[in-house]
Amino acid sequence: MSLRPYHSLAPQFVNSIKLTKKPIRNCKFSVSNCISDPNYSRKLVLQVKEKLERDYYSLPVGKNGRDDEEMILWFLKDRKFSVDKAVEKLTKAIKWRQEFRVSELNEESVKGVAETGKGYVHDFLDSQDRPVLIVVASKHLPSAFDVVEDEKLCTFLVEKALNKLPPGKEEILGIIDLRGFGTQNADLKFLTFLFDVFYSYYPRRLGEVLFVEAPFVFKPFWELVKPWVKSYASLVKFCSVETVRKEYFTEATLPVNFRH
């Protein structure tokens, strides 16, 4: 049997392929299609809801529970509309909320650590209508409180900030005032917890983080933390007090920390 050379076969092979400009109906959906097609998004929400009910029946229901369709849709967006990935991340988040007793956190339960002034939610929105969570790093002393108390305050403030979101807005602004920061304020465990909270439990809620007036001693600490916070490091902007004043607030809405 003789073999025909490749170049004699190629034209036949190419001619056998019929090119068409018609769309392929059985292609996989895209994220943009899911966002623009509410019916398909709704279908995916119901798939996640049913899967959670079937496989994780013991999880709580209600607001921020396994049947919270608004929360389900948010996690679907975060996981690029992958049902399995959304279920995995949602399960982790709902379990954490249950174990950490997030719904029970209030002003009284975090009063002791909050009185240090190390963190608070600003009364006004920023120039982009985002709620503002402010951390005063010089007032954070890791040895002063149990780490769980700091984590509770952090979670309470995130919840409080999110509750201030205006209609149509989805993200908050974080400001870390680093004036007066010293090695005694460095807390690797807490800072990684802060970013992990946003990644795992409040995905896509942190729009930007301002590191204000970072001293030289902070830079090595940040280089150590960056690998732990992964993609969230790209949200960080080092800036001056003057930048905060001019670009993020009006004179009437400027936080008191940055008025002097």
Original post:
Okay, helix-only estimate at 222 nm for the chain: each DSSP H run of n ≥ 4 adds -39500 (n - 2.57), divide by all residues, round to 500 deg cm²/dmol; what do you get?
Top reply: -12000 deg cm²/dmol
Original post:
Which of rounded, prolate, oblate describes region 73-148, given a ≥ b ≥ c as roots of the alpha-carbon gyration tensor eigenvalues and a/c under 1.5 marking rounded, otherwise prolate only if a/b is larger than b/c?
Top reply: oblate
**OP:** List every residue whose amide H lies under 5 Å from the amide H of residue 236, counting only residues 5 or more places away in sequence or on a different chain, with H placed 1.01 Å from N in the peptide plane.
**Re:** 209
**OP:** Compare 89, 139, 246 in a GNM of the chain, Cα atoms joined below 10 Å, and give the one with the largest fluctuation.
**Re:** 246
Subject >> Karplus (6.51, -1.76, 1.60) ³J(HN,Hα), θ = phi - 60°, over region 199-207, in Hz, Gly and Pro reported as x >> reply: 5, 8, 10, 10, x, 6, 9, 8, x
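Summarise the accessible area of region 115-246 (1.4 Å probe, protein heavy atoms) by the percent that is carbon and sulfur. Mind showing how you got there, number by number?
Numbers: 3390 of 6190 Å².
Result for region 115-246: 55 percent of the exposed heavy-atom area is carbon or sulfur.
Add +1 for every Lys or Arg and -1 for every Asp or Glu among the other residues with Cβ under 10 Å from the Cβ of residue 138, and state the total. Can you show the working numbers first?
Numbers: positive: 118, 139, 179; negative: 177.
Residues near residue 138 contribute +2 overall.
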**OP:** Round to a whole angstrom and tell me the spacing of the C-alpha centers of region 98-114 and region 207-260.
**Re:** 26 Å
Original post:
How much length, in nm to one decimal, is gained on full extension between residue 196 and residue 40, taken as 0.36 nm per residue of separation minus their Cα-Cα distance?
Top reply: 53.1 nm
Subject >> Distance (nanometres) between label positions extended 7 Å along Cα→Cβ at residue 233 and residue 179 >> reply: 2.8 nm
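Let me check I've understood the local charge: for residue 67, count other residues with C-beta under 9 angstrom from its C-beta, Lys and Arg +1, Asp and Glu -1. What total comes out? Mind showing how you got there, number by number?
Numbers: positive: 49, 66; negative: 53, 68, 69.
Spelling it out: positives minus negatives among the neighbours equals -1.
For 101, 245, what's the largest-to-smallest order of accessible area, 1.4 Å probe? Before the final figure, lay out each step's value.
Numbers: 101 145, 245 75 Å².
My answer, sorted largest first, is 101, 245.
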**OP:** Only one of the values (i) 35; (ii) 22; (iii) 28 was calculated from this structure for percent of Cα pairs over 33 Å apart; name its label.
**Re:** (i)
**OP:** For an R0 of 51 angstrom, estimate the FRET efficiency from the Cβ-Cβ distance between residue 111 and residue 223 and round to the nearest 0.05.
**Re:** 0.90
Subject >> residue 69-residue 256 FRET efficiency (beta carbon distance; Förster radius 51 Å; 0.05 resolution) >> reply: 0.85
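For the chain, which DSSP H helices look membrane-span-like by this rule: Cα extent along the axis of 15 Å or more and mean Kyte-Doolittle of at least 0.5?
Details: long enough: 38-55 (25 Å, -1.23); 83-100 (25 Å, -0.70); 147-162 (23 Å, 0.54); 218-229 (16 Å, 0.12).
Passing helices, by number: 147-162.
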Subject >> Long-range lysine pairs (8 or more apart or interchain), region 108-260, Cα under 19 Å >> reply: 21
Subject >> Under 18 Å from the Cα of residue 63 - aspartates and glutamates, other chains or at least 8 residues apart >> reply: 50, 53, 99, 104, 159, 170
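Using the Cα gyration tensor of region 144-183, with a ≥ b ≥ c the square roots of its eigenvalues, what is the shape: rounded (a/c below 1.5), prolate (a/b larger than b/c) or oblate (neither)? Write out the running numbers ahead of the final one.
On the way: a/c = 4.68, a/b = 1.59, b/c = 2.95.
In terms of gyration-tensor shape, oblate.
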Subject >> Residues of type aspartates and glutamates that residue 89 reaches as a straight line, Cα spacing below 12 Å, ignoring anything fewer than 8 places off in the same chain >> reply: 78
**OP:** Label region 163-260 by shape, choosing from rounded, prolate and oblate, from the square roots a ≥ b ≥ c of the eigenvalues of the Cα gyration tensor; if a/c is under 1.5 it is rounded, and otherwise prolate applies when a/b is larger than b/c, oblate when it is not.
**Re:** oblate
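The values are calculated or read from the model by the stated rules, or taken from the named source; none is laboratory data. Here the structure is a predicted model, which means the values were calculated and not measured. Please note: Cβ atoms are built from the backbone with ideal geometry, for glycine as well, and neighbour counts cover all protein chains shown. Heads up: the accessible areas ignore ligands, DNA and RNA and are worked out on the full protein's heavy atoms, side chains in. Shrake-Rupley method; radii C 1.70, N 1.55, O 1.52, S 1.80 Å.
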